[in-house]
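Just below is one structure, and these are the notes that go with it.
The values are calculated or read from the model by the stated rules, or taken from the named source; none is laboratory data. Just so we're clear, the structure is a prediction, and the values are computed from it rather than from any experiment. Reconstructed Cβ throughout: ideal geometry from the backbone, glycine too, with neighbour counts over all protein chains shown.
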Amino acid sequence: MRILTWNLERGVHHGRRVVDQQQAILAGYNADLIVLTEVPAQLSTRQMSAVLSPVRREGNRGMEAWVSITAVNCRPVDPLVPFERMAVAARAVVNGEAIVVYGSVLPWLSAGHHAPYLHTSETETAAELFARILREQVDDMANLRARWPDHTLIWAGDFNQTLSGPNYGGSNARRHLLQAALDELDLVAWNQDAAHAKPSMHAVDLICGPANRTRRKVTKFGPSLGAHTLSDHAGYVVEI
């Protein structure tokens, strides 16, 4: 199974529209399962084969989804994950294997300022916001596993926190919470040691799955194509 994740940064970087270039790169990897975050408005309306989180994020070019999941015969899971949780769940069959996929974004340090609707109260701190949404997402996945115990659980997306290496833009407390969440779900981040788009950092866009599955290969790509910067995030492909 080949799994890909990438933060598309809404398809616009430094004033350039790059959606078509991003799509060409994605198509070249021929992934079985694709989890994209910060999905551009064009894809939020065009990707009929994708399962999208609620398309309620307002962008400069229209309404956007936080997350999309694409796979053959991919279908949404009811009930839908609330918009404020920045996540979506889907089921699919890949190479004969039944999977349930949870694609998500976890709050970044300035999320409360950039997306104040994520807060439940005016006094909720950035640390509390991260801990709460992480807890809600983990509970979602525990419920999915209970509903479909014969499915392989995959969790992927933009976690906005490294699990190893330098901790720029994150915190030790957030790293501990994220690792504890993975341990609780008996998952591992297969690409946690892969390089970030920025020098010296490790990945924050993670692809996670069962601890007993063997990772065959990890490929990092982007974030540039020639002289064009397509995203601040590198993309990753994991083969298991």
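Of note:
- Positions within the range 91-117 being buried (at least 24 other Cβ atoms within 10 Å of the Cβ) and more than 18 Å from residue 57 (Cβ to Cβ), in sequence order: 101, 102
- Entry remark, the range 20-50: residues being at pLDDT 90 or above, polar (S, T, N, Q) and surrounded by fewer than 21 Cβ atoms within 10 Å (Cβ to Cβ) number 1 in total.
- Some residue of the range 96-107 being of a type in the set (S, T, N, Q) and over 24 Å from residue 19 (Cβ atoms): no
- Only one entry in 53, 68 is in contact (Cβ under 8 Å) with a residue 24 or more places away in the chain, out of contact with any Phe, Trp or Tyr (no Cβ under 9 Å at 6 or more places or on another chain) and buried (at least 18 other Cβ atoms within 10 Å of the Cβ), namely 68.
- Given (1) out of contact with any Ser or Thr (no Cβ under 8 Å at 6 or more places or on another chain); (2) modelled with pLDDT of 90 or more; (3) farther than 17 Å from residue 237 by Cβ; (4) of a type in the set (S, T, N, Q), index of the condition residue 53 fails: (1)
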